[in-house]
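Shown next, in structure tokens, is the structure this report addresses.
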């Protein structure tokens, strides 16, 4: 299976009503030589997005908020899919918002009680202090 076939499959899936493709090289062949580094899968998502005209999600060593924001702002993908990084830090989205200086990011009320004791809580309207 190669990139050209992936683009063609994405085109066909779009015609059938699929609206998002999670793009990854898979890493399922033991002899595949895929250069690994930060955002290494993003080039595949960008190609599928551009050539098939379908929204894509990307994966692959996306660990920093600035890196994820860059991928989205430059149109390399439409969303970021995290796996290992969320295992390392389940609060990654909140930490990313803080790193990007996003204001008005509040913890979902049902999560406030689970916050780590060293995590500053953000005010949530309608939830008592």
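The values are calculated or read from the model by the stated rules, or taken from the named source; none is laboratory data. The shown structure was predicted, so the numbers you read here are calculated from the model rather than taken from an experiment. Note: ideal-geometry Cβ built from the backbone for every residue, glycine included; neighbour counts use all protein chains shown.
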Q: Could you grab me the full set of residues in the stretch 25-55 that are more than 16 Å from residue 5 (Cβ to Cβ) and in contact (Cβ under 8 Å) with a residue 40 or more places away in the chain?
A: 53
Q. Does residue 11 satisfy being surrounded by fewer than 17 Cβ atoms within 10 Å (Cβ to Cβ) and free of Cβ contacts under 8 Å to residues at least 40 places away in the same chain?
A. no
Q) Mind checking which pairs have a first residue in the stretch 61-84 that is over 18 Å from residue 99 (Cβ atoms) and a second that is in a helix (DSSP H, G or I), Cβ under 6 Å, 6 or more apart or different chains? A) 76/42; 76/46; 77/45; 77/71
Q) Do any helices (runs of 4 or more DSSP H) lying entirely in the stretch 35-104 carry at least 1 residues that are under 30 Å from residue 15 (Cα atoms), and which ones are they? A) 42-52, 65-73
Q: List the number of the failed condition for residue 28; all other conditions in (1) part of a helix (DSSP H, G or I); (2) at pLDDT below 95 hold.
A: (1)
Q.
Looking at the structure I just gave you, is residue 18 modelled with pLDDT under 95 and part of a loop (DSSP other than H, G, I, E, B)?
A. no
